[in-house]
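> Structure in structure tokens, see below.
The values are calculated or read from the model by the stated rules, or taken from the named source; none is laboratory data. Just so it is clear, the model here is predicted, and its values are computed rather than measured. Neighbour counts are summed over all protein chains in view; Cβ atoms, including those assigned to glycine, are modelled from backbone coordinates with ideal geometry. Side chains are part of the model used for accessible areas, which takes the heavy atoms of the whole protein and leaves out ligands, DNA and RNA. Shrake-Rupley method; radii C 1.70, N 1.55, O 1.52, S 1.80 Å.
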Amino acid sequence: MFKFDVMAQDFIGILMVVPKTLLLAILILFLSTILGGVIALIQQYRIPVVVQVVKVFKSFLRGTPAVVLLYLMYYALPQIAHLLLKIVGVEFNPHNLNPVVVVIVTFSLTMSAFQSEIIRGAFMSVSEGQIEAAHSLGYNFMQTLSRVIMPQALMEALPDFLNSYMVIIKALSLAFLITVVDIFAQAKIMGAMSFRYLEAFVAAALIYWLISAILTALINRYELRLRKAY
Amino acid sequence: MLDIKYMLEITPSLLSVLHVTLIILIASSALGLGLSILVTAIRIKKVKYLSQVMDLFISFTRSVPIVLQLFLMYYGFPFLLSMIGIHVSDFSAAAATVLALTLYNAGYLSEVLRPAYLAVEKGQHEAADGLGYTPFQKFTRIIAPQVIPIALPGWGNALVYLIHDTSLIFTIGVADIMGVANTLISSSYGAHQIEIYLTIALLFWAITFSADTMVRIFEKRAAKYNLSNGIAPKKKAKRKMRILVQKGV
């Protein structure tokens, strides 16, 4: 039978790793946004050669499942790090690479494609009149970007960023494959300890649902405020 | 460095299990589409109680990671059946996979279909009613041709996500490409992991690429139904982008 007391225990046990998961997701969101911004800029200015490389990179990311990429990185990243550091002259043992680093790098890469689309869309949403007005007031390029475009684009992109945050939290559930413990991995561990997997998984699902509900409420409130402002 | 010859050598053995992935993919995308139409209809017609249940179902499929949904289905479905008196002794992982992916795809798709349906102007409904179309005629001749071009890009995305998620079915023990990868790794004593996973990545890239191409062909064929009254906003965005590029912003 389904035991609710076991589930309650699992629930509390899983809650312990929620802060770690959320922090990891924030870090990935931050890194992928920076990378996505760079990609968006490259695509915006159509820098020759680089833009084609970015195009293939994005197509590859769209075509490859995160699990495959995660495993690929798990085995390839230590080698890459080893080779790169050898050039600089630093001795690095490929077996010393922490799997958490692999998770961060992999998901930052996969999310960067999404983030670049969001950033592009946000920049598009700033109306031309704003830019023309800034130019007519004698703002130079950097001033226009930092004082007129960026604030408006950021406001526009924030709900989408929160959505990406949820996507990252969900994607982290794959981290258990390379021994990083997040919400789902903790559920598996708790289930294995009590031999009651179903209770642990239901508890984990409830936690994900809760996080998602909180984030959705935040997004809705923010969008309501945005609409009021105009 | 990379052993290309080995990659070519293992491709046939990886391709030999591709049908598992494809069958699960086709089954769950077809069933998912059917279910999503049902869910969308329930939500649009605001059927009492059922509509709330569907909202709950969609929020569940969208907020819980797909791996967890797979595990929940694998462990939870036999339990649910036993509660209503049906005892399943061997619930296969493949069945659990198809069920879980169908629900997941339906949840995602109904969020694509609902806005697409609502995007069709009220005047279109009224005009069809005014011309004496029966509800069935109205749907097949007026509404559906306008819904399809709007929904197609979203459907394409759902299909790509589904392709990605079929790569997870090995976690509950379905012997697909990833399962073969594990066998290959142990038979090569862990010497060729990078080559094996790179080959799989390229295979998935090919599958996604062909799916994208298929959707694009559909989109082209459906484009003739596109009305110029704002249903096709793509051109506008492109023009705006070009202007921004010219201005150097």
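> Could you order A:H95, B:H192 so the one with the most accessible surface comes first? Probe is 1.4 Å.
I get A:H95, B:H192, largest accessible area first.
> Considering only B:S89, B:H19, B:I217, whose Cα is most displaced toward the positive end of the charge dipole of chain B, charges sitting on Cβ of Lys, Arg (+1) and Asp, Glu (-1)?
B:I217
> Per-residue HN-Hα couplings for the stretch A:93-109, Karplus 6.51 cos²θ - 1.76 cosθ + 1.60 at θ = phi - 60°, whole Hz, x for Gly and Pro?
Those phi angles translate into 7, x, 7, 8, 6, 6, x, 4, 4, 4, 4, 4, 5, 4, 6, 4, 5 Hz.
> On to the next question. What residue among A:N96, A:S146, A:L24 has its Cα farthest toward the positive end of the dipole of chain A, where the charges are +1 on Lys, Arg and -1 on Asp, Glu, each on the Cβ?
Going by the charge dipole, the pick is A:S146.
> Follow-up question, since we're still on this one. If the only charges are +1 at each Lys and Arg Cβ and -1 at each Asp and Glu Cβ, what is the size of the charge dipole of the protein assembly as shown around the Cα centre, to the nearest 20 debye?
It comes to approximately 1820 debye.
> Using only the Cα atoms of the stretch A:32-131, each taken as one equal point scatterer with no solvent, compute I(q) by the Debye sum, divide by I(0), and report log10 of the ratio at q = 0.10, 0.14, 0.16, 0.24 Å⁻¹.
Debye output, listed in q order: -0.37, -0.66, -0.80, -1.20.
> Same structure again: Using a 1.4 angstrom probe with every protein chain in place, what is the largest-first accessible-area order of B:K220, A:K20, A:K55?
Numbers: B:K220 165, A:K20 95, A:K55 140 Å².
Heavy-atom accessible area, descending, gives B:K220, A:K55, A:K20.
> Taking the stretch A:155-196, which chymotrypsin sites (Phe, Trp or Tyr not before Pro) meet the DSSP loop condition and have no more than 11 other C-beta atoms within 10 Å?
Here the sparse-neighbourhood loop sites are A:F195.
> Where does the Debye-calculated log10 I(q)/I(0) of chain A sit at q = 0.08, 0.12, 0.13 Å⁻¹, using only Cα point scatterers of equal weight, no solvent?
Ignoring solvent entirely, the Cα scatterers give -0.41, -0.83, -0.93.
> Where in the stretch B:1-78 are there trypsin sites (Lys or Arg not before Pro) that are in a DSSP coil and have at most 11 other Cβ atoms within 10 angstrom of their Cβ?
Loop-located and lightly packed - B:K45, B:K46, B:K48.
> Moving on. Just in the stretch A:66-100: which chymotrypsin sites (Phe, Trp or Tyr not before Pro) are loop by DSSP and have at most 15 other Cβ atoms within 10 Å?
Within the stretch A:66-100, the qualifying chymotrypsin sites (Phe, Trp or Tyr not before Pro) (loop, at most 15 other Cβ atoms within 10 Å) are A:F92.
> Quick one: what are the phi-derived ³J(HN,Hα) couplings along the stretch B:112-120, Karplus 6.51/-1.76/1.60 with θ = phi - 60°, whole Hz, x for glycine and proline?
8, 6, 4, x, 5, 5, 5, 6, 6
> Shifting gears a bit: Leaving ligands, DNA and RNA out of it, rank A:T21, B:T11 by accessible area with a 1.4 Å probe, largest first.
B:T11, A:T21
> Please work out the average accessible area per residue across the stretch B:4-247, using the 1.4 Å probe convention, and give it in Å².
Details: 12940 Å² over 244 residues.
Result: 53 Å² of accessible area for each residue.
> Across bins of 5 angstrom width beginning at 0, how are the C-alpha pair distances of the stretch A:110-205 distributed, in whole percent?
Taking all Cα pairs of the stretch A:110-205, the binned fractions are 2, 12, 16, 13, 10, 9, 8, 7, 6, 6, 5, 3, 2, 1 percent.
> Give me D for the protein assembly as shown in µm² s⁻¹, whole number, from Stokes-Einstein with Rh from the Kirkwood sum over alpha-carbon pairs, 4 °C and 1.567 mPa s. Could the numbers behind the result be given before it?
Details: Rh = 24.9 Å.
Rounded, D is 52 µm²/s.
> Find the relative contact order for the stretch B:4-247 and round it to a whole percent, using C-alpha pairs within less than 8 Å whose residues are 6+ positions apart.
Details: 201 pairs, mean separation 65.4, N = 244.
Relative contact order for the stretch B:4-247 comes out at 27 percent.
> Rounded to the nearest 500 deg cm²/dmol, what is the calculated helix-only ellipticity per residue at 222 nm for chain A, with -39500 (n - 2.57) per DSSP H run of length n ≥ 4?
Result for chain A, helices only: -27000 deg cm²/dmol.
> Can you pick out the pairs among A:K20/A:K188; A:K3/A:K188; A:K55/B:K5; A:K58/B:K5 whose Cα atoms lie more than 22 Å from each other?
A:K55/B:K5; A:K58/B:K5
> Of B:S36, B:A206, A:A76, which is farthest towards the positive pole of the protein assembly as shown's charge dipole, taken about the Cα centre with +1 and -1 on the beta-carbons of Lys, Arg and Asp, Glu respectively?
Towards the positive end, the residue furthest out is B:S36.
> I need the fraction of alpha carbon pairs in the stretch B:4-247 separated by more than 32 Å, rounded to a whole percent.
On the way: 11036 of 29646 pairs.
Looking at the stretch B:4-247, the distances longer than 32 Å represent 37 percent of pairs.
> Rounded to the nearest 500, what is the 222 nm mean residue ellipticity of chain B from helices alone, with -39500 (n - 2.57) per DSSP H run of 4+ residues and division by all residues? Display every interim value, and only then the final one.
Details: 10 runs with 184 residues, N = 249.
Here the helix-only value at 222 nm equals -25000 deg cm²/dmol.
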